[in-house]
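Written below as structure tokens is the structure these notes are about.
The values are calculated or read from the model by the stated rules, or taken from the named source; none is laboratory data. Owing to the predicted nature of the structure, the values given are computational and were not obtained by experimental measurement. Here the Cβ positions follow ideal geometry from the backbone for every residue, glycine too, while neighbour counts run over all protein chains shown.
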Amino acid sequence: MANWQDPQTTGVNTATVGVPRAARDVGLRSHMLKVYNYMASGVLLTGIVSLLFFSSGYAEQIMLGGGILPWIIILSPLAIVFAMSFGVNRMATSTLQMLFWAFATLMGLSMSTLFLVYTGTSIAQTFFATAAAFLGLSLYGYTTKRDLSGFGTFLIMGVVGLLVAMLINMFLQSSAMALAISAIGVLLFAGLTAYDTQRIKSMYIQLQGSEFLGKAAIMGALSLYLDFINMFQFLLSFMGNRR
């Protein structure tokens, strides 16, 4: 498995040796700003596509119409995530950018069904609540001196367990279990937001001066995008008013 978090770097990155701390701090801020710009642009693109697809009437017609097309729309973003994660070391930066925008677009098509289930007001309220929580958690991950790397394995295992629970509840259809899954999902992706932010920051220090840094910005944005979108969807289960 290609691991974008370890792009064949070993030991100390000699590119950082002799670089003044002030210069490194400026470079880090620039890198993080690029990550956040990618992430925010992806979320914005998803929202616009989702709203337009719903407003056109195609969301209800296609996503609820049965057949194979809805499954292609739903599963395509997952396929792109796997392609980016496994092929990051071989792909050009421009290819990763194209895949990221394609992913955000397909997510917009997939998430258009939320407008069929929840009121527009509750979706907007949940979005802003998620944005506020995300900003606070990401700021904590960026500024904290505490090493959050030890939480990574626990959080990822928690997400795997959450997916298993969601599959089981597809058959059980338990409202209590669904509520528990939503609560745990919000907590897990809240933790991942802080963890991923610190990890992206740490990667910059390792990769400073490397050609891989541009790819790392896109992959970091993808991680934060997934944290935001998943936290939003689980939170919507609590705050959302159904039509």
*Identify all residues within the range 155-197 that are hydroxyl-bearing (S, T, Y) and touching a residue at least 24 places away in the same chain (Cβ under 8 Å); write none if there are none.*
S182, T193, Y195, T197
*What number of residues in the range 126-163 are out of contact with any Ser or Thr (no Cβ under 8 Å at 6 or more places or on another chain), buried (at least 17 other Cβ atoms within 10 Å of the Cβ) and over 15 Å from V186 (Cα atoms)?*
1
*Restricting the range 197-215 to residues that are of a type in the set (A, V, I, L, M, F, W, C) and modelled with pLDDT under 95, the residue that is nearest to N37 (Cα to Cα)*: L213
*asked:* Please verify whether A104 is assigned to a helix (DSSP H, G or I) and either modelled with pLDDT under 95 or at positive phi (or both), treating the condition exactly as stated.
replied: no
*Within the range 84-101, can you find the residues that are in contact with a Pro (Cβ under 9 Å, 6 or more places away or on another chain) and surrounded by 14 or more Cβ atoms within 10 Å (Cβ to Cβ)?*
V88
*Could you grab me the full set of residues in the range 58-80 that are in a loop (DSSP other than H, G, I, E, B) and in contact (Cβ under 8 Å) with a residue 40 or more places away in the chain?*
L64
*Report, by residue number, each residue of the range 107-136 that is in a helix (DSSP H, G or I) and out of contact with any helix residue (DSSP H, G or I) (no Cβ under 7 Å at 6 or more places or on another chain).*
V117, G120, T121, A124, F128, A131, A132, L135, G136
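Residue-by-condition table, conditions (1) crowded, with 17+ Cβ neighbours inside 10 Å; (2) hydroxyl-bearing (S, T, Y); (3) within 16 Å of L116 (Cβ to Cβ):
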residue	(1), (2), (3)
G42	yes, no, no
F53	yes, no, yes
Q61	no, no, yes
I68	no, no, no
I72	no, no, no
P77	yes, no, no
F82	no, no, no
